[in-house]
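One structure is given below, encoded as structure tokens.
The values are calculated or read from the model by the stated rules, or taken from the named source; none is laboratory data. All of these numbers come straight from a predicted model, not from anything done at the bench. So basically every Cβ, Gly included, is an ideal-geometry build from the backbone, and we count neighbours across all protein chains shown. Surface accessibility is based on the protein's heavy atoms, side chains included, excluding ligands, DNA and RNA. Shrake-Rupley method; radii C 1.70, N 1.55, O 1.52, S 1.80 Å.
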Amino acid sequence: MNLSRFQKPSRYIDSEYNAVKHRNGPASPRTVRFALAFPDIYDVGMSHLGLRILYGLLNSHHAVTAERVFSPWIDLEAYLKSNKLALSSLETSTPLHRFDVVGFSLQYELSYTTVLAMLRLGGIPLRTEERLQTRRDLPLIVAGGPCTVNPAPMAPFIDAFLIGDGERAVMQLADAVSAWKESGAGREAGLREIAKLDGFYVPLVHGADVRVRRQFVASLDDAPYPVRPVVPYTSIVHDRVTIEVSRGCTRGCRFCQAGMVYRPLRERSPERVLAIAEESLRATGHDEVSLTSLSAGDYSCLLPVVREFNRRYSASKIALSLPSLRVGAVSQDVLREIRSIRKTGFTMAPEAATERLRSVINKDFSAEDYERALRALFEEGWQTLKLYFMIGLPTERDEDIEAIPEMIMQALRIAKKHTGRFVTINTTISPFVPKAHTPFQWCGQIRHDAMRRTLQYLKEVLGRKKFKYKGHDDRMSLLEAVFARGDAGLAPLIEQAAELGCRLDGWSEVFDFDRWQEAMDRTGIDAAAYAERCYAKEERLPWDTIDIGVKKEYLYSEYERALSGERSPDCRQSCIGCGLKCAGENAPAPFGNAEGALSMEKKAPETGPEIAKVRVRMEFSKAGVLRYLSHLEVTTALIRGFRRAGIRFDFSKGFHPAPKVSFGPSLPTGIAGEREYLDIEVFTPFDIESYMPKVRASMPEGIEIRRMAVIPVHEPSLSTFVTRYAYTVSIDRGQYAACAGQVAALHERLQNGEALIVQRDDKAVDIAPCIETMEMDAANEETGEASLALILRDYETVKARVGEVVEAVTGLNARDLAITRTALYGWRDGWVAPL
């Protein structure tokens, strides 16, 4: 498949660094082929920490091979459909229907139609009942993730739901499926075995009155963690090392589903956090680490960990970032440490703009806390701030909405006072979505028309004040609310919407509410009625099948406290009797003198006189599927390889220090390169003979470092030196005759001094002077391929563009041809290679 036809081809390349290599071939009867399917595109799925954990964990199992499958973007999806090709795995291009287990991660309610679209594209019947009545060799369809705490809307499509933490549960699932495969028993027998496992809800087996208790990892330090995650080529949403410092939260925000379903709080020890950071940086070459949790600012060892991290990695310019911080957790000491390497952006989520409404949702900070946090932030030099608010919260009044712009203006005033300049404040407004297993699970979403009016009001007010506004699509929020608290009666709506082409509904470019409206009309399902529905206290809820450990009585008492505006304490300070029985000796406690212990781990880097630097030129090749990488992606892949090899390179100055690496003329996406070049400034001592094998071993398959040499510091840069290029273009047998005739005719015209005009940026440009030679070789009798050799030159103000030249010379689309740049030259008493 020629990936040049598709947007961001690097989404579909199967040879990323640290990806597990699999073989297509006969396997043991016990071997389980497991597809980790993420119902979104690669950029989002590869950012998900859970996927990274399960990929490493399953591939460590003796009887499992795990591969990744993502939703294709719409261009590749259309190609697969038109060519009757099945959605397949990245690692071995195995069609989805040939796996034993397909495990979906349900992170977001709007991904439900994408699950069905992937099943259909993978050649798998959508419903459990259909799969039971067809071939036995169809895969089991399993789902995990936060949405499984209300499995009802997707129950007809999913064979088994994994509820809760997946680290132990997924290994138990692998053992059960392996034994079932070896036994040769029927599909229904396999589901009955899975239903016996803790934390698995199997709709076909479990009755309506069953209570399935979630799986739970007691110790994060004892849980497996990926220290060699796959390193993507394309830029993904969270393109960095991610370390979960804690799981669960003690704050008790009443709108937050994650804060309830991931209780109790469990922290990873500071020693383990830093060990993961060290191993992961060495194995990936990333230049940023994110410390993540539901409330990173409440991690008991945050400051000592950040200080020790900077002490170890400041010389390497490895940046540290934190997710959105609770207003009350913003610390000037932490801010000072984070900014010492690189400012990575800062986000705060006030959620509500009045003290009264914050009491309703149990968001514990005051106006003074907010002002103090902003003052600390701007005193430490931040120029950009993101603020998140919700609208449509229970008991919301007009004054709560009107207070949002004023709260943002306050941030601007404080910024001007402490920085003396205008700062950028980005504001995101999201409609409240009531979720299962929260105190607000009994109340409905506000009416859709009211939601839309409020969003429009805030957009206009904030626009007049020149703030950057981002409002969540109200129609998406409506659908999210429908499925967050819906029942199995919604399955026909999901199925009908998928049939009409709904998928990737979280992407505004793809989302089509008209299709959803048509699906509602066809099924007779009133989505707004589901979203706005309020449940009575004694009513059985569609998700009562799932036991997250938190008592329903506790949740309702919190709902009543919310309506009366009463706050509840942080359960780290006082047990609030939620039902988990984690008080007393089981209570989560902060670690001891973390800073004292950590300071013994490593000596700080020695300081002294500046170390000498040298300039090294490298020759490398980009071949195979990596020809589909863009220039920026190649640059990133090489720099990460150098970091993995331990090369100590110099950095630029300023807020965003970058390695001092410069490249020759860039290669367009889809074109291979046999002899490409880069220059890098490194600290001495730098022994080429000892570094060469390290650098070669650190590169992904498809990039090879061919040669290295130290060059004079004042050597002309590659971008100014290189002005001549050699290319070969492969032409297949069917196109040879026409191309050969066209090449000959054009050659004669150019020899006669005729112009060759192309349109470039709406201007007519003569590229004839850029074509030095072109020669067509006869077709090879064995392969049927011919070869067109081109020598191109930059000419005065006109730069040679190989795609333009190839299309002008051959009359063919350059994206459909295999093009290789074979050499680069610059003038130094004759044409010479850069190295």
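(1) free of Cβ contacts under 8 Å to residues at least 24 places away in the same chain; (2) touching a Lys or Arg at 6+ places or on another chain (Cβ under 6 Å): which one isn't true of Ala78, the others all being true? All conditions are met except number (2). Just to be sure before I move on: is Gly56 open to solvent by 10 Å² or more (accessible area, probe 1.4 Å), more than 17 Å from Leu3 (Cβ to Cβ), outside any helix (DSSP H, G or I) and at pLDDT 95 or above in the structure I sent? Taking the combined requirement at face value, the residue does not satisfy it.
In a residue-by-residue description of the stretch 389-397, the property of being in a loop (DSSP other than H, G, I, E, B), more than 26 Å from Tyr559 (Cα to Cα), in contact (Cβ under 8 Å) with a residue 12 or more places away in the chain and charged (D, E, K, R) applies to no position. Annotation: of all residues in the stretch 817-835 being charged (D, E, K, R) and assigned to a loop (DSSP other than H, G, I, E, B), the one that is farthest from Tyr727 (Cα to Cα) is Asp829.
Taken together, Glu130, Glu182, Glu109 contain a single residue that is charged (D, E, K, R) and within 23 Å of the chain's Cα centre (by Cα), which is Glu109.
When the helices (runs of 4 or more DSSP H) confined to the stretch 106-194 are screened for residues that are touching a helix residue (DSSP H, G or I) at 6+ places or on another chain (Cβ under 7 Å) and under 23 Å from Ile74 (Cβ atoms), those reaching at least 3 such residues are found at 112-121.
Scanning the stretch 473-500 for residues that are of a type outside the set (A, V, I, L, M, F, W, C) and either touching a Lys or Arg at 6+ places or on another chain (Cβ under 6 Å) or part of a helix (DSSP H, G or I) (or both) returns Asp474, Arg475, Ser477, Glu480, Gly489, Pro492, Glu495, Gln496, Glu499. Annotation: Val360 fulfils all but one of (1) within 25 Å of Met390 (Cβ to Cβ); (2) in contact with a strand residue (DSSP E or B) (Cβ under 6 Å, 6 or more places away or on another chain); (3) surrounded by 21 or more Cβ atoms within 10 Å (Cβ to Cβ); the unmet one is (2).
Entry remark, the stretch 255-287: residues being among the acidic types (Asp, Glu) and touching an Asp or Glu at 6+ places or on another chain (Cβ under 8 Å) number 1 in total. Of all residues in the stretch 540-572, how many are loosely packed, with under 14 Cβ neighbours inside 10 Å and touching a residue at least 40 places away in the same chain (Cβ under 8 Å)? Going through the stretch 540-572 one residue at a time, the tally reaches 3. Answer with yes or no whether Ile408 is β-branched (Val, Ile, Thr), touching a strand residue (DSSP E or B) at 6+ places or on another chain (Cβ under 7 Å) and surrounded by 18 or more Cβ atoms within 10 Å (Cβ to Cβ). Against the criterion (β-branched (Val, Ile, Thr), touching a strand residue (DSSP E or B) at 6+ places or on another chain (Cβ under 7 Å) and surrounded by 18 or more Cβ atoms within 10 Å (Cβ to Cβ)), Ile408 qualifies. Among the residues of the stretch 649-695, those that are of a type in the set (A, V, I, L, M) and either open to solvent by 40 Å² or more (accessible area, probe 1.4 Å) or part of a loop (DSSP other than H, G, I, E, B) (or both) comprise Ala658, Leu667, Ile688. Return yes or no: is Arg272 of a type in the set (Lys, Arg) and farther than 30 Å from Gly577 by Cα? The answer is yes for Arg272. Of all residues in the stretch 164-179, those that are under 27 Å from the mean Cα position of the chain (by Cα) and under 24 Å from Glu130 (Cβ atoms) total 1. Residues of the stretch 506-529 that are open to solvent by less than 50 Å² (accessible area, probe 1.4 Å) and part of a helix (DSSP H, G or I): Phe513, Trp516, Ala519, Met520, Thr523, Ala527, Ala528. Can you tell me which residue in the stretch 81-100 is nearest to Trp507 (Cα to Cα), limited to those that are in contact with a strand residue (DSSP E or B) (Cβ under 9 Å, 6 or more places away or on another chain), open to solvent by 10 Å² or more (accessible area, probe 1.4 Å) and not in a loop (DSSP other than H, G, I, E, B)? Across the stretch 81-100, the extreme among qualifying residues is Ser88. Quick check on the stretch 122-135. Is at least one of its residues farther than 23 Å from Asn59 by Cβ and among the hydroxyl-bearing types (Ser, Thr, Tyr)? Yes, the stretch 122-135 contains a residue that is farther than 23 Å from Asn59 by Cβ and among the hydroxyl-bearing types (Ser, Thr, Tyr). Considering each residue of the stretch 333-342 in turn, at least one proves to be basic (Lys, Arg), assigned to a helix (DSSP H, G or I) and under 27 Å from the mean Cα position of the chain (by Cα).
For the stretch 610-648, a residue qualifies if it is in a loop (DSSP other than H, G, I, E, B) and at positive phi, and exactly one does: Gly646. When Asp14, Asp43 are checked against the criterion of being part of a helix (DSSP H, G or I) and either over 24 Å from Gly164 (Cα atoms) or modelled with pLDDT under 95 (or both), a single residue qualifies: Asp43. With respect to Gly381, is the statement that it is open to solvent by 50 Å² or more (accessible area, probe 1.4 Å) and over 23 Å from Arg475 (Cβ atoms) true? Considered against the rule, which asks whether it is open to solvent by 50 Å² or more (accessible area, probe 1.4 Å) and over 23 Å from Arg475 (Cβ atoms), Gly381 comes out as no.
Taking first residues from the stretch 482-494 that are within 20 Å of Ile446 (Cα to Cα) and partners that are open to solvent by 10 Å² or more (accessible area, probe 1.4 Å) and part of a loop (DSSP other than H, G, I, E, B), the Cβ contacts under 6 Å between residues at least 6 apart in sequence or on separate chains come to Ala484/Val433; Ala484/Lys435; Asp487/Pro542.
Does Met348 satisfy being free of Cβ contacts under 8 Å to residues at least 60 places away in the same chain and part of a strand (DSSP E or B)? The answer is yes for Met348.
Evaluation of Gly103 against the conditions (1) assigned to a helix (DSSP H, G or I); (2) crowded, with 22+ Cβ neighbours inside 10 Å shows that the sole unmet condition is (1). Could you tell me whether Arg312 is over 18 Å from His238 (Cβ atoms) and touching a strand residue (DSSP E or B) at 6+ places or on another chain (Cβ under 6 Å)? In short, no. Screening Pro434 against (1) in contact with a Cys (Cβ under 8 Å, 6 or more places away or on another chain); (2) part of a loop (DSSP other than H, G, I, E, B); (3) more than 24 Å from Lys386 (Cα to Cα) leaves a single unmet condition, (3). Say whether the condition of being part of a helix (DSSP H, G or I) and closer than 25 Å to Asp364 by Cβ is met by at least one residue in the stretch 545-553. Yes, the stretch 545-553 has at least one match.
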